[in-house]
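Below is one structure, written out as structure tokens, with a few remarks after it.
The values are calculated or read from the model by the stated rules, or taken from the named source; none is laboratory data. For clarity, every value in this text was computed on a predicted model and none was experimentally measured. When we count neighbours, we look across all protein chains shown, and the Cβ atoms used for this are built from the backbone with ideal geometry, even at glycine. Remember, those area values only see protein heavy atoms, side chains included, never the ligands or the DNA or RNA. Shrake-Rupley method; radii C 1.70, N 1.55, O 1.52, S 1.80 Å.
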Amino acid sequence: MRTSMLRAFQTDQRGGVALVFGLVVPSLIAFAGLGVDGSYWLMERNKLQASTDNAAISAVQALALNGNDQVLTAEAKKLMGKVYGTSLTGVRVTVQHPPASGAMAGNASAVAVLAERDQPMFFLGMFGLNDSVVASRSVARVDSVTEACLLALSKNEDKAIEISGSSTVTLGCGLASNSNSSQAAYFSGSSNTKVTGVSTAGDVYLSTNGKLDTSGGPIKTHSAAATDPYGPEGRNLQVPTNPKNCTEKQLKVHNDTTLQPGRYCGGIDFIGGTTTFAPGTYIIDGGDFKSNGNAALVGNDVTFILTGTGAKIAQLDVNGGSDISLHAPKSGSNFNGILFFQDPARTQTNGSPSKMNGNANLNLGGAMYFPGDKLEVTGGTASNISCLQVIASTVKITGNSTITGTCDQNSGTDKISRSTVELVE
């Protein structure tokens, strides 16, 4: 009897489904709960990562503006606060400058932002796992190039910066070209160029016999364009209003003379003697600012505005054995630091380039700004320059040119630089 009852129980399948259901369903619920909690955790983790990414970028932008560590921390927490509330309740934020670990460890141009917060577990809490920690880490870096003193503004010109022939060019600063050409900076022939760095929006061409020494500084191609410090993104300088009357018309200088600020219509042709410029602004309206032969030019706290109409916008033309000692104002003027300012309306299609030729002896201080024009420096130009900036649409240098001297913070000039912020970890 007992044997038959046991056999009946073993072969009875009417309760099998309920038994299996009772064993499997709790496991399915647990896995579903794990999926929900895991998805929610991942969503919160992505949210936290995006927040630290933005915070690191904002902090390193503050670093690029010379912010101290206190400023960097405040900037990062401000960005985090936009997502998690200004009090950052439940969020723990750490800002490291420089980063303490990773590929950027010890790099003073980088900032790391670390954050973590407790993440509640909903379904898994029934199994004793109440909380988990969500953490993220982001590192951003400011990528800068050596301060430049020579900038080509053209966005697409081949050979926007060209150093060719047997030129020997020594600059105590860097070169920058905003051209996206494969020959944005072009070093050909047997030229020998020594600078502290090269930055181009396009690429660099260096001939087989050419030499390019950046003194251990960077050569950075396919970089962001450098900002024009005097254009719309910078000081946004404009040609001043012309005085109604011409101070002189088509002036030719043969002997020693002293000139006063004013409007010089049709240009000035310096043929001989020593011309002394009284401090102030000289508007050259049409024609050329032209120095020939043994003419000598001397002036401190002076700015020359090259302007005009249409194709008659004035240009610079320095030739022969000119002896020139000119220095821009350092304060007290809208054109602080500017020695030559050419009207931006001038374009390369309007005629020949502005130029400094021959064995000119240049003792200059200040910026030479030719935003729409070519500027050529050719043939044995010797320079004793206390502060140099050359900004033109394109710049071409041939012959031997030794130029030294960079602008300090008291020169009145604005820096030519390029800085980009990038997320690196």
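Residue-level analysis places ASP285 among those that are under 37 Å from the mean Cα position of the chain (by Cα) and open to solvent by 10 Å² or more (accessible area, probe 1.4 Å). The set of residues from segment 247-264 being under 13 Å from TYR282 (Cα atoms), out of contact with any Phe, Trp or Tyr (no Cβ under 7 Å at 6 or more places or on another chain) and assigned to a loop (DSSP other than H, G, I, E, B) comprises just one member, GLN260. Among the conditions (1) closer than 19 Å to SER393 by Cα; (2) free of Cβ contacts under 8 Å to residues at least 60 places away in the same chain, the only one that GLY267 does not satisfy is (1). Just one of (1) open to solvent by 10 Å² or more (accessible area, probe 1.4 Å); (2) not in a loop (DSSP other than H, G, I, E, B) fails for VAL169. It is (1). For segment 295-320, enumerate the residues that are outside any strand (DSSP E or B) and open to solvent by less than 40 Å² (accessible area, probe 1.4 Å). Hits for segment 295-320 are ALA295, GLY308, ILE313, ALA314, ASN319, GLY320. Scanning segment 298-332 for residues that are modelled with pLDDT under 90, of a type in the set (S, T, N, Q) and either over 22 Å from CYS246 (Cβ atoms) or touching a Gly at 6+ places or on another chain (Cβ under 7 Å) (or both) yields ASN319, SER322, SER325, SER331.
Please go through segment 202-234 and give me each residue that is closer than 30 Å to ASN334 by Cα and open to solvent by 70 Å² or more (accessible area, probe 1.4 Å), ordered by number. Outline the logic, then answer.
Here is the first cut: in segment 202-234, the residues closer than 30 Å to ASN334 by Cα are 224-234.
Residues satisfying the conditions are PRO232, GLU233.
Filtered by the rule that a residue be at pLDDT 85 or above and under 15 Å from ALA226 (Cα atoms), segment 150-173 gives LEU150, LEU151, ALA152, LEU153, SER154, LYS155, ASN156, ALA160, ILE161.
Kindly indicate whether any position in segment 124-132 is touching an Asp or Glu at 6+ places or on another chain (Cβ under 9 Å), at pLDDT 85 or above and open to solvent by less than 60 Å² (accessible area, probe 1.4 Å).
No, that holds for no residue.
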